[in-house]
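Undergrad: Starting off with a structure, shown below.
The values are calculated or read from the model by the stated rules, or taken from the named source; none is laboratory data. Just so you know, these numbers come straight off a predicted model, no measurement behind them. Glycine also receives a Cβ, built like all others from the backbone with ideal geometry; neighbour counts cover every protein chain displayed. To get the accessible areas, we keep the full protein, side chains included, count just its heavy atoms, and leave off ligands, DNA and RNA. Shrake-Rupley method; radii C 1.70, N 1.55, O 1.52, S 1.80 Å.
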Amino acid sequence: MFISKKNFHVNLSVLCSLFFIALILVSCFQKTSHDNILNIWVHAGQEAERQTISAQVKRFNNIQKEITAKITFIPEGSYNSQVQAAALSNDLPDVLEFDGPFVYNYVWQRNLIPIDDLISPKVKADLLPSIIAQGTYGGQIYSLGTFDSGLGLYGNRQQLEKAGIRIPEDNKTAWKIPEFNQALAKLAKQDPNQDGQVLDLKLNYSGEWFTYGFAPIIYSSGGSLLKEKDNLLQAKNAINSKESIQAIKNLQSWINKNYVDPNLDDVAFTSGRVALSWVGHWAYDGYQKALGKDLILLPLPDFGTGSKTGQGSWNWGITTNCKNPKLAMKFIEFLLQTQEILAMTNANGAVPATKSAIAQSPLYQENAPLRLFAEQLLNGNTIPRPQTPGYAVVTSAFQQAFNNIRNGVDVKKALTKAAITIDIDIEDNQGYPQINS
């Protein structure tokens, strides 16, 4: 077929027009597709947690058509470093899961948006006070968790009763330090292994455990890790105050008197070598299987101002990259529905984040085996880790101090060194001034 030059030019013009129209349509389709995706980063925790969140995302996508949630699992060990790298390259997802204490640094780096106006009043009213406290910085809420944590003493009832030791029922009746020290001495005297080691402090753990597990005794003594002076936080005369020093000296004395099992094989309590184990909710399942009816849960000892304990866990925030914050909050509030909370806490054993879910939890409702952990969170017996963007330095300094103290270094010297390290970081960052969102 013969085509004239004129027709050829006309046909070429039409083809070019159609080509550009196609490009525009593809571009619009891609933009629309991208806008309909809610990218979510999740830490790759235990398998049961991964399976649960995957099923939850599938359920969320099935019940609504406004947006499609897409999750990416990030290895827990490198999670924070990958978030920092993504922030630098402006490649953060829409919704981010992160360990509680990191929220303050992420806010300070302008990586998260405040969510006070996005949370429905009904959901907010049902949340544990500890969940709100953990997610608040500078008077605004930036994150919410679907579960919290519990910390206390697990006891072997048979061994405690044999030694004639009083068993506390709740935080109000917790052992005061003189009584706790006497209990350790009695248990050591009747120790069936005859080595006097009767207490497991999970010294086989490392890193963040030491701050989470043992900073509460500083607060119980009347001390703290940081205090405010001239509208700025400082560690001097806080982490190394006389109250803090005395509390940690008590702990060091347990090690010096050989009451503490190093627990290198991680079976000190389940094998019956020790009568007491200082650890969190995550140990319950294994402990219950090993001890059965002899397992009891007790509050941490009272170092002077009442028994205090730890709180905080993984939670959710909306990043500054998110184009649809309302839909992102819709996903978070879906996870905060009672049945979704229970799906996760039945998988990982953690404390449900809402009063409604606690009331239905087989582990945490009234008269349930881990009820103490829920009561501690409900009644204000828990201490959030320091709410500062410099928390990474605070916890690192405390961990180093604890490692030195457990190996015999003078308590005052170790805590004073930690105070200097923390305060240098605060000074280097101009006191971490509040960032206006």
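Undergrad: So what is the relative contact order for the chain, in percent, with contacts set as C-alpha pairs under 8 Å and at least six apart?
TA: 25
Undergrad: Measure off 7 Å from each Cα along the Cα-to-Cβ vector at residue 290 and residue 339, then give the distance between these two points in nanometres to one decimal.
TA: 3.7
Undergrad: Determine the shape class of the range 90-155: with a ≥ b ≥ c the square roots of the Cα gyration tensor eigenvalues, call it rounded for a/c under 1.5, and otherwise prolate if a/b is greater than b/c, oblate otherwise.
TA: It is oblate, given that a/c is not under 1.5 and a/b is not larger than b/c.
Undergrad: Hey, another quick one. Which of the trypsin sites (Lys or Arg not before Pro) found in the range 51-152 are in a DSSP loop and have at most 15 neighbouring Cβ atoms, other than their own, within 10 Å?
TA: Listed in order of number, the matching sites are 65, 110.
Undergrad: Can you tell me the length gained on complete extension of the stretch residue 400 to residue 249, counting 0.36 nm per residue apart and subtracting the Cα distance?
TA: My answer for the length gained is 52.8 nm.
Undergrad: If we restrict to alpha carbons, what Rg and Dmax does the range 153-254 come to, in Å?
TA: Here Rg and the maximum Cα pair distance are 16.3, 54 Å.
Undergrad: For the range 195-270, give the percent of accessible area contributed by carbon and sulfur heavy atoms, probe 1.4 Å, rounded to a whole number.
TA: The value for the range 195-270 is 45 percent carbon and sulfur by accessible area.
Undergrad: Could I ask something else about it? Find the centroid of the Cα atoms in the range 236-251 and in the range 269-308, then give the distance between the two in whole Å.
TA: When both Cα centres are located, 25 Å separates them.
Undergrad: Explain nothing, just compute: Karplus ³J(HN,Hα) = 6.51 cos²θ - 1.76 cosθ + 1.60, θ = phi - 60°, for every residue of the range 313-320 in order, whole Hz, x for Gly and Pro.
TA: With the stated coefficients, the range 313-320 comes to 6, 5, 8, 10, x, 9, 7, 5 Hz.
Undergrad: While we're on this one: Counting other Cβ atoms within 10 Å, keep those with at most 16, restrict to DSSP loop, and tell me which trypsin sites (Lys or Arg not before Pro) in the range 374-437 are left.
TA: Listed in order of number, the matching sites amount to none.
Undergrad: Determine the shape class of the range 223-350: with a ≥ b ≥ c the square roots of the Cα gyration tensor eigenvalues, call it rounded for a/c under 1.5, and otherwise prolate if a/b is greater than b/c, oblate otherwise.
TA: Cα axes put the range 223-350 in the oblate bin.
Undergrad: With axes computed from alpha carbons, what is the tilt in degrees of helix 325-335 against the longest principal axis of the chain, rounded to the nearest 10 within 0 to 90?
TA: 50
Undergrad: If you don't mind, there's one more thing I want to ask. Around residue 38, which amide H atoms from residues at least 5 apart in sequence, or from another chain, sit under 5 Å from its own amide H, with H modelled in the peptide plane?
TA: Under 5 Å from the amide H of residue 38: 68, 69, 70.
Undergrad: Using the Karplus curve 6.51 cos²θ - 1.76 cosθ + 1.60 with θ = phi - 60°, work out ³J(HN,Hα) for each residue of the range 256-266 in order, rounded to whole Hz, and write x for Gly and Pro.
TA: Couplings: 5, 8, 6, 7, 9, 7, x, 6, 5, 9, 6 Hz.
Undergrad: Can you list which of the GluC sites (Glu not before Pro) found in the range 123-200 are DSSP loop residues with at most 12 other C-beta atoms within 10 Å?
TA: Taking the range 123-200 and a limit of 12 other Cβ atoms within 10 Å, the loop GluC sites (Glu not before Pro) found are 169.
Undergrad: Here is a further query. Given H placed on each backbone N at 1.01 Å, which residues far from residue 44 in sequence or on other chains put an amide H within less than 5 Å of it?
TA: Here the answer is 74, 76, since their amide H atoms fall under 5 Å of that of residue 44.
Undergrad: Turning to a different aspect of this structure: Over the range 345-437, what percent of the accessible surface lies on carbon and sulfur atoms, probe 1.4 Å?
TA: That share works out to 46 percent.
Undergrad: How big is the antiparallel share of DSSP beta bridges in the chain, given as a percent to the nearest 5?
TA: Expressed as a percentage, antiparallel bridges in the chain total about 60.
Undergrad: Could you tell me whether the chain comes out rounded, prolate or oblate from its Cα gyration tensor? Rule is a ≥ b ≥ c as square roots of the eigenvalues, rounded for a/c under 1.5, then prolate if a/b exceeds b/c, otherwise oblate.
TA: Note, shape of the chain comes out prolate.
Undergrad: Give, in nm to one decimal, the length gained when the segment between residue 420 and residue 392 is fully stretched (0.36 nm per residue of separation minus the Cα-Cα distance).
TA: Extra length from residue 420 to residue 392 when fully extended: 8.6 nm.
Undergrad: I need the calculated FRET efficiency for the pair residue 185 and residue 65, taking r as the beta carbon distance and R₀ as 51 Å, to the nearest 0.05.
TA: With a Förster radius of 51 Å, E is 0.20.
Undergrad: Given H placed on each backbone N at 1.01 Å, which residues far from residue 309 in sequence or on other chains put an amide H within less than 5 Å of it?
TA: 382, 383
Undergrad: For the chain, what is the accessible area per residue in Å², given a 1.4 Å probe and the full set of protein chains?
TA: Per-residue accessible area for the chain comes out at 47 Å².
Undergrad: Shifting gears a bit: For a label point 7 Å from the Cα of residue 157 along Cα→C-beta, name the residues of the range 167-199 whose backbone N is under 14 Å from it.
TA: 167-169
Undergrad: Moving on. Pop the C-beta distance of residue 230 and residue 305 into the FRET formula with R0 = 22 Å and round what comes out to the nearest 0.05.
TA: The value I calculate is 0.30.
Undergrad: Using θ = phi - 60° and the Karplus curve 6.51 cos²θ - 1.76 cosθ + 1.60, what whole-Hz ³J(HN,Hα) does each residue of the range 365-376 get, with Gly and Pro shown as x?
TA: For the range 365-376, the Karplus-derived couplings read 5, 3, 6, 7, x, 10, 4, 3, 4, 5, 5, 4 Hz, x marking Gly and Pro.
Undergrad: To continue, here is another question. Which links in 257/412; 202/257; 242/355; 227/308 stretch past 26 Å when you go from one Cα to the other?
TA: In this structure, 242/355 exceed 26 Å between Cα atoms.
Undergrad: From the helices alone, meaning DSSP H stretches of at least four residues, give me the mean residue ellipticity at 222 nm for the chain, per-run term -39500 (n - 2.57), in deg cm²/dmol to the nearest 500.
TA: So the calculated ellipticity at 222 nm is -14000 deg cm²/dmol.
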